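Structure first, then comments.
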Amino acid sequence: MEKIKVTISNKSGLHARPASLLTTTASKYNSEIKILKDNKEYNGKSILGILSMGTAYGDKIEIIAEGEDEKVAIENISNLVKNNFGE
């Protein structure tokens, strides 16, 4: 299992476009991807799950990957967040 804590730093938070980028990226991997926010767990491959988190600028989330490609999954998903989803 690999995990990393990141802070949402794009001004608009996880609205539809960044949530879609996150789930699309997560879906490329065989590993199970979970996102933790405020002690609640969300499926990182579910657009509805990610949108339901209500994640805003400055919120902290934890990305967890478990499976055969967990290291590369964590690296790429966390880089997406750190790069503000290209915004």
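Contact order, relative form, for the chain: 46 percent (alpha carbon pairs under 8 Å, 6 or more residues apart, mean separation divided by residue count). Each of Ser31, Ser52 was scored by other Cβ atoms within 10 Å of its Cβ. Listed from fewest to most, they are Ser52, Ser31. Which one is right for this structure if Rg and Dmax of the Cα atoms in Å is calculated from it: [x] 11.3, 33; [y] 19.2, 58; [z] 15.2, 54? Correct label, based on the coordinates given: [x]. For the chain, chymotrypsin sites (Phe, Trp or Tyr not before Pro) meeting the loop criterion (DSSP other than H, G, I, E, B) and having at most 16 other Cβ atoms within 10 Å: Tyr57. Between Asn79 and Glu32, the simple label model (points 7 Å from Cα in the Cβ direction) yields a spacing of 2.6 nm.
Note that region 70-85 has calculated 3J(HN,Hα) couplings of 4, 5, 5, 4, 4, 4, 6, 5, 5, 5, 4, 5, 4, 8, 6, 6 Hz, one per residue in order, obtained from phi through the Karplus relation 6.51 cos²θ - 1.76 cosθ + 1.60 (θ = phi - 60°); glycine and proline are x.
Here region 2-86 is treated with +1 on each Lys and Arg Cβ and -1 on each Asp and Glu Cβ, and its dipole about the Cα centre works out to around 400 debye.
In terms of other Cβ atoms within 10 Å, Lys34, Lys5 run from fewest to most in the order Lys5, Lys34. Checked against a 19 Å cut-off, the cross-linked pairs Lys11/Lys45; Lys3/Lys40; Lys5/Lys40 give Cα-Cα distances beyond that limit for Lys11/Lys45.
Panel order for Glu32, Glu70, by other beta carbons found within 10 Å of each beta carbon, from fewest to most: Glu32, Glu70. Rounded to the nearest 10 degrees, the angle from helix 16-26 to the longest Cα principal axis of the chain is 10 degrees. Counting 0.36 nm for each residue step from Leu48 to Glu87 and taking away their Cα separation leaves a gain of 11.9 nm.
Any read-out appearing in this document is the output of simple, stated calculations on the displayed coordinates, not a laboratory observation. Everything quoted here is computed from the prediction, not taken from an experiment. Every residue, glycine among them, receives a Cβ derived from its backbone with ideal geometry; neighbour counts consider all protein chains shown.
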